[in-house]
Amino acid sequence: MLNLVGLILLFPLIGTAINGLIGKRLRKETVGYVACGSIGLSFFISVLVFCGLLLLPPGERLFEKQLFSWIESGSFKSTAGLQVDPLSSLMILIVTGVGFLIHIYSIGYMHEDKGYHRYFCYLNLFTFSMLLLVLGNNFLLMFIGWEAVGLCSYLLIGFWFEKKSASNAAKKAFVVNRVGDFGFALGIMLVFLTFHSIDFTEVFSAASHGNFEAGSFTVTIITLLMFMGATGKSAQIPLYTWLPDAMEGPTPVSALIHAATMVTAGVYMIARCNVLYMLSPFTMTVVASVGAVTALFAASIGLVQNDIKRVLAYSTISQLGYMFLACGVGAFTAGVFHLMTHAFFKALLFLGSGSVIHALSGEQDMRKMGGLRNHIPVTYKTFLVGAVAIAGIPPFAGFFSKDEILLESLVRGNLLYWIVGAVAAFLTAFYMFRLLFMTFHGVSRVEHHAMEHLHESPGNMTLPLTVLAALSFFGGFLGIPGASVINSFLAPVFGGHGHTEVSGAEAGVHHSAWLSSLMMVVSTAIALAGIFLAYQMYSKKPELPGKLAERFRVIYKLLLNKYYVDEIYDALFVNPIKKISVQLWKRVDAGMIDGSVNGIARLVGGFSNILRLLQTGYVRNYAFYIVVGCIFIIIFAVLGKVKF
Amino acid sequence: MPILSLITFLPIVGVFFILSMDSKRSELIRVTALLVSIVVFFISLPLYFTFDAHTYEMQFVEKLQWIPSFGVHYHVGIDGISLFLILLTTFITPISILASWHITKNVKEYMVAMLVLETGMVGVFISLDVFLFYVFWELMLIPMYLLIGIWGGPRRIYAAVKFFIYTMAGSVFMLLAIIALYFLNHRATGEYTFNLLEFYRLDLSFAVQFWLFLAFAFAFAIKVPMFPFHTWLPDAHVEAPTAGSVILAGVLLKMGTYGFVRFCLPLFPEASHTFIPVISWMAIVGIIYGGLVSMVQDDLKKLVAYSSVSHLGFVMLGIFAFNIQGIEGGITQMINHGLSTGALFLIVGMLYERRHTRMIADFGGLTKQLPVFATFFLIVTLSSIGLPGLNGFVGEFLILVGTFKSRILYASIATSGIILAAVYMLWMFQRVMFQEITHEENKTLKDINKREFAILIPIMLTIFWIGIYPNSFLRKMDASVNHLLKQVGEKANVASRVHKPKKSGQLQKNVIPKIDIVPECRTEW
Amino acid sequence: MITVTHYLVLSAILFTLGVVGVLVRRNAIIIFMCIELMLNAVNLSFVAFAHYLNSMQGQLFVFFTMTVAAAEAAVGLAIIVAVFRNKETVNIDDINIMKW
Amino acid sequence: MEAYLFYIMAAVAVASGVYLIFEKNPVFSALYLIQTMVSIAVLYILLEAQFIAAVQIIVYAGAIMVLFLFVIMLLNLDIKEEAKNALPFQRIPAVLMGIAFFTVICIVLRSKLLQGKHGEYTTAYINSIGNTKLIGNLLFTDYLLPFEITSILLFVAAIGAIMLAKRKL
């Protein structure tokens, strides 16, 4: 069954090809069937592969399939090969599973759009790229997927390319990601230089059995460079700015790419390279710190945003920060677990918000919503599940994963990480319920014309919502402390670094069960506090937020304007580079270089102009020169031989 | 079969055909030119399939006496380095001719120039006699000069003269160096010859190498063009007709980089080693500078022209990494650049045909009117950016790996060029293809027609082919590149050992064992 | 006794006069006449040489020179007439386009 | 007697030459030139080249110079010197160069460079056959080809002159 792994990639590619090449001539239904069918088949194969992997004993759960030799030059070899291990099999399930649901949802959501086939072509291509990213058996293949998902993200953010904001956001996403990729690419080169291979298995076995002492300079640089790539793709400080803007894309895209799958690629990469990261404590500190700071930072911005999708975007950044915090303290399992649960509930939330936007004919501003819960009940209910899940109320999925991260950050990291994480968790609960209350509760502030078309979404949109809601509820049970299925499943990947003894259930055993239980209570309390505050402010006393904003005007404006980071980047990088470039062009290129070239030409021309004066055009003048010439010729030719 | 001569001189035969035609029957002339170039392409294909990848020796060799009194031979042959450049030339030429269908002014002369140009370009890549090389090198200059000067834009005379004089200025130094080599070879072996393979065996003192390297490098650096010598390129590109730009970017620029690989490195290995920092820094500055300047251009062709400066900086960097990844990457990147930048110029040309402007500000939102065109444009843009899976990535990455192996600092700075590439290309793409249509004229544009489709499709297929399965290219160059590295490395060692006690030609002859590299030529025809 | 040198010096004087005339005069016809003067000077030296060296070739050459002079005069004067017709002048300082 | 005649004729030739180049009126210039030619013709007789002397008078002084005068009068040129003098500064250098030229030639003449071989046509021999007859013989035997070419030259010159002078063809 594991041999079928190539098919997982093949189906989305076929879907892309069909929709891309002849999609324009197909009927909309066919396009939808092709797109969903290809992902569905891919999901089916993924399940088969997953089962095939389960059949193997835990220690041997690693399968590699070499397809062909891709780039080979001297000692540099990169094969196109696929690797199935617990981590990647989990990822393909998430990607194809959530992807399948979102494809179905998109049929309803994008039905009116003119670029229907284009949309599904891109979406299939995205799935293919993401699968390539997670299945690739070497760094370079991962890099292909890495860049290709970036491309799809670019295409899909800019899907409504006629909007200037959308095309700007698309370009920004690609360029910012490129900055990260710059680091990733250098990292890969350094890996090749250090290990003489870029194959995962070879590199990791060399690293774990090799002579690389922990904290060696090279490994630190490698991991830092790769983390740079991760900050780009997974929208961490300082490269997070593209993600909020990416909400210009269609909402299902935001759900699939900018919440569930692509943005988690950074986490996946660090989890994949855990061997290297474990060798560099410094990098781990950097990862954890960046993750923690991002979690808090993004959550604080999310508090005051009014665009429903932007709130979710900042929430995503914040949650990704959590995952990096987990990876940074060495709790890779916790990170991946949160990655999975986050994929469920954040996809659910995005799709829910999409349903809201759909119902309101495209309105995204929460100040123009309110009281929608009776109009769109299914959306409301599923959205509520998602919100509870992300806030971390037991027994929903988010509770288990987030709780584990907080626990790990305290046990393996330090108190500071925990405090930051806990505050971020509080803020998360607060802004999610602020969103919920502003959208679904209270008085309706919906504009008149939108109110007329207000309707619940069709079945092909609500069905995925329901399924995702179920997953958001049950997903957490995979990682119940003490009986964590996911932990033992992923152990072969993360094993061998003294990992099992601390993470998840074993951590509880190791560090006394009471701490674990205490943590659960505390985090539940934090979440409840956040929800309560949101209820107080946005449901009971809706005038309170305005007053607070008035009171803490500076802070409010700072948050509303996202700490002016975009403006700072513009002022620090974008504008100076533009100005320098113009100067380079006008001054250096046209002025100095071309100037000197033309200057030489002009010099020659000027000199010739002086010489030209000899050519008066007067025959007499020329005759005079001839005479002078004759005299000299006679002097030189004849007089030399004169004998008197 | 003298396949190389056939490829080289068939276009000239075509020229005679075209010359005998009535200049009013432009359709017939176009079709004839196209057919000739397509036939040439198909004749060149067996080169690829019958090429023996296991040897570094020159293949398909032909050797005839040409000017016996000066020891000049008609001596041609290819190895894994020149193979793909020839294929690129024969591939690009029919595409360029097809892209010149809209030319109505002096069609006959235009097509004659194109075919002569093809002869010149192929000749440069196959010559193993330095004299012959120089002849072809200058030969291809003339039709290009005419293409720019006659069928170009408003400032065509300025651009054509600049192009011509710039290149000539470099060639003069190269000619001097060639003559110097000729006499040095005579002093060492007592034989008057221009045979490049004989020159390879010369053992030159460092001072001589230094100056000769400079002379050759000057000529090639102008042609590449490397950073401070690049200003002829934007002018030439902007003024040249579409096909001229395509060939200029696609093939002519490669002659500079090819010259470095074929002449500078193996002839002057020690000097080449000495010049690594200079050339590398020039390349790096070119990469960054080209990217930055490209970013702020308002003319599409100028933007692409400056991006060429950036891309060829990568090629030079790779070649001067002096390891297999770098050089193979460099050669791959030469082909890639020929394809992607060539395609970009074709695309800009198509836009120009429709709107008669190349200013970015005059476009915007074209995707809505030209969806198929937009797809092609996007693929080419991405290939130029170096997206993995497309051709640009393979070359760029190998170059960077190679550079990284030799000097980490260079590679680290050069890698930032890939960020800039994304910035300038995507910004351009956004302003041309995305956003709303702001100009009324753009609302009635037609999507690409069959001819344009036929132009772009082969390029697209090659772009994907190289991106997905580059080994079919890389394997063919292995032996040659390895040999080149051996030449560069070994000769540098030999030379440095013999450097001090240099006495006379006698001694040198003993030091360098006489090995017959090329089996005596077969000249049945 | 009159030697060949006498004739040659006379010839040189006349030739020099012709040269100076070409250089200082501006009237095309007079310049033309100065050229004829130079030709005559040369003819004189031919004949003088022929006489003193007992040869006929000098005289024959003078004969040919005269033919050439006749042809030249015909064409040259025709040119002058043509130029005059176009530019209304025979002042060669008015005809100075020979610098391109 | 011969010496006197030479000096007189030489003086006339030089004086006429000087007048020729300094005379403002082209008609007078032409007349001075004729005077020079006639005096040269006398010198030819002194050198025993009677045929050349005759041709000098007939062709040069007679035909060519008449043509000159004819053109001068046809164009009806102004008597006063041409108004425009673009190269006034050339006058003195020109005279100096003339002197230098003359000096150089004189130096060459004084040297022994100009040594010719003596031929067989002594004066006695020429006189025994007759100058004109001898030239005629030579022209139609040894120098036949140049002679015929001369005819072509004159023919071409005639056509050329017509082509140039004709207003429209």
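The values are calculated or read from the model by the stated rules, or taken from the named source; none is laboratory data. None of these values were measured; they are calculated from a predicted model. Neighbour counts run over all protein chains shown; Cβ positions are idealised from the backbone, glycine included.
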Item to complete: Would you mind stating whether residue A:167 is at pLDDT below 90 and either in a helix (DSSP H, G or I) or farther than 22 Å from residue A:252 by Cβ (or both)?
Response: yes
Worksheet item: Given the residues B:272, B:245, which is the only one that is over 17 Å from residue B:130 (Cα atoms) and touching a Cys at 6+ places or on another chain (Cβ under 7 Å)?
Response: B:272
Discussion item. Looking at residue B:434 and the list (1) crowded, with 24+ Cβ neighbours inside 10 Å; (2) within 29 Å of residue A:76 (Cα to Cα), which single condition is not satisfied?
Written reply: (2)
Response to the item:
Residue count, region B:373-394, condition more than 12 Å from residue B:463 (Cα to Cα) and either within 9 Å of chain A (Cβ to nearest Cβ) or of a type in the set (Gly, Ala, Ser) (or both), comes to 4
Discussion item. What's the total number of residues in region A:191-203 that are within 9 Å of another protein chain (Cβ to nearest Cβ) and within 25 Å of residue A:85 (Cα to Cα)?
Written reply: 1
Response to the item:
Filter region C:58-71 for residues that are within 13 Å of the chain's Cα centre (by Cα) and surrounded by fewer than 18 Cβ atoms within 10 Å (Cβ to Cβ); the one that is nearest to the other protein chains (Cβ to nearest Cβ) is C:68
Discussion item. Quick check on region C:1-48: of everything there that is within 30 Å of residue C:89 (Cβ to Cβ) and of a type in the set (Gly, Ala, Ser), which residue is farthest from the chain's Cα centre (by Cα)?
Written reply: C:28
Discussion item. For region D:134-154, which positions are within 9 Å of chain C (Cβ to nearest Cβ) and of a type outside the set (Val, Ile, Thr)?
Written reply: D:134, D:138, D:139, D:142, D:143, D:146, D:147, D:151, D:153, D:154
Item to complete: Those residues that are in a loop (DSSP other than H, G, I, E, B) and surrounded by 17 or more Cβ atoms within 10 Å (Cβ to Cβ), I need them from region A:617-629; list them, please.
Response: A:618
Fill in: residue A:44 under 29 Å from residue A:2 (Cβ atoms), of a type outside the set (Gly, Ala, Ser), within 14 Å of chain B (Cβ to nearest Cβ) and surrounded by fewer than 20 Cβ atoms within 10 Å (Cβ to Cβ)
no
Worksheet item: Among the residues of region B:193-211, which ones are of a type outside the set (Ser, Thr, Tyr) and assigned to a helix (DSSP H, G or I)?
Response: B:196, B:197, B:198, B:199, B:206, B:207, B:208, B:209, B:210, B:211
Worksheet item: Does residue A:68 qualify as being among the aromatic types (Phe, Trp, Tyr), under 18 Å from residue A:4 (Cβ atoms) and not in a helix (DSSP H, G or I)?
Response: yes
Item to complete: Kindly indicate whether residue C:2 is touching a residue at least 60 places away in the same chain (Cβ under 8 Å) and at the interface with chain D (Cβ under 7 Å from one of its Cβ atoms).
Response: no
Fill in: Filtered residues of region C:85-100 (kept if away from chain A (no Cβ under 12 Å), surrounded by fewer than 16 Cβ atoms within 10 Å (Cβ to Cβ) and in a loop (DSSP other than H, G, I, E, B))
C:88
Worksheet item: Counting just the residues of region D:24-50 that are in contact (Cβ under 8 Å) with a residue 40 or more places away in the chain and facing another protein chain (nearest Cβ under 7 Å), which one comes out farthest from residue C:61 (Cα to Cα)?
Response: D:26
Worksheet item: Which of (1) farther than 30 Å from residue D:117 by Cα; (2) more than 7 Å from chain D (Cβ to nearest Cβ); (3) of a type outside the set (Gly, Ala, Ser) does residue C:25 not meet, given it meets every other one?
Response: (2)
Practice prompt. Could you run through region B:60-86 and say how many residues are in a helix (DSSP H, G or I) and either surrounded by fewer than 22 Cβ atoms within 10 Å (Cβ to Cβ) or among the small types (Gly, Ala, Ser) (or both)?
Written response: 5
Worksheet item: Can residue A:174 be described as part of a helix (DSSP H, G or I), within 9 Å of another protein chain (Cβ to nearest Cβ) and closer than 30 Å to residue A:8 by Cβ?
Response: yes
Worksheet item: Just a yes or no: is a residue in region C:52-67 free of Cβ contacts under 8 Å to residues at least 12 places away in the same chain, part of a helix (DSSP H, G or I) and within 27 Å of residue D:73 (Cβ to Cβ)?
Response: yes
Worksheet item: Failed condition for residue A:160, given (1) under 30 Å from residue A:251 (Cα atoms); (2) surrounded by fewer than 24 Cβ atoms within 10 Å (Cβ to Cβ); (3) at pLDDT below 90; (4) facing chain B (nearest Cβ under 9 Å), with all others met?
Response: (4)
Practice prompt. Looking for whichever is out of contact with any Leu (no Cβ under 7 Å at 6 or more places or on another chain), at the interface with chain B (Cβ under 10 Å from one of its Cβ atoms) and under 19 Å from residue A:98 (Cα atoms) here; the options are A:167, A:129. Which one fits?
Written response: A:129
Item to complete: Please tell me if residue B:270 is touching a helix residue (DSSP H, G or I) at 6+ places or on another chain (Cβ under 6 Å), farther than 22 Å from residue B:476 by Cβ, part of a helix (DSSP H, G or I) and at pLDDT below 95.
Response: yes
Practice prompt. Please find, among D:83, D:3, the residue that is within 27 Å of residue C:1 (Cβ to Cβ), facing chain C (nearest Cβ under 9 Å), at pLDDT below 90 and surrounded by fewer than 15 Cβ atoms within 10 Å (Cβ to Cβ).
Written response: D:3
Item to complete: Give the residue that is nearest to the other protein chains (Cβ to nearest Cβ), with candidates limited to residues of region B:414-431 that are over 30 Å from residue A:160 (Cβ atoms) and buried (at least 18 other Cβ atoms within 10 Å of the Cβ).
Response: B:415
Item to complete: Give me a count of the residues in region A:541-566 that are assigned to a helix (DSSP H, G or I), loosely packed, with under 12 Cβ neighbours inside 10 Å and charged (D, E, K, R).
Response: 4
Discussion item. Suppose we filter region B:433-470 for residues that are aromatic (Phe, Trp, Tyr) and not in a helix (DSSP H, G or I); how many remain?
Written reply: 2
Worksheet item: How about region A:187-213: which of its residues are surrounded by fewer than 17 Cβ atoms within 10 Å (Cβ to Cβ) and either touching a strand residue (DSSP E or B) at 6+ places or on another chain (Cβ under 9 Å) or farther than 13 Å from residue A:274 by Cα (or both)?
Response: A:193, A:196, A:201, A:202, A:209, A:210, A:211, A:213
Worksheet item: Quick check: anything in region B:125-140 touching a Ser or Thr at 6+ places or on another chain (Cβ under 6 Å), crowded, with 24+ Cβ neighbours inside 10 Å and farther than 30 Å from residue B:448 by Cα?
Response: yes
Item to complete: Give the residue, chosen from D:58, D:107, D:21, that is without any contact (Cβ under 8 Å) to a residue 40 or more places away in the chain, within 25 Å of residue C:68 (Cα to Cα), part of a helix (DSSP H, G or I) and more than 7 Å from chain C (Cβ to nearest Cβ).
Response: D:58
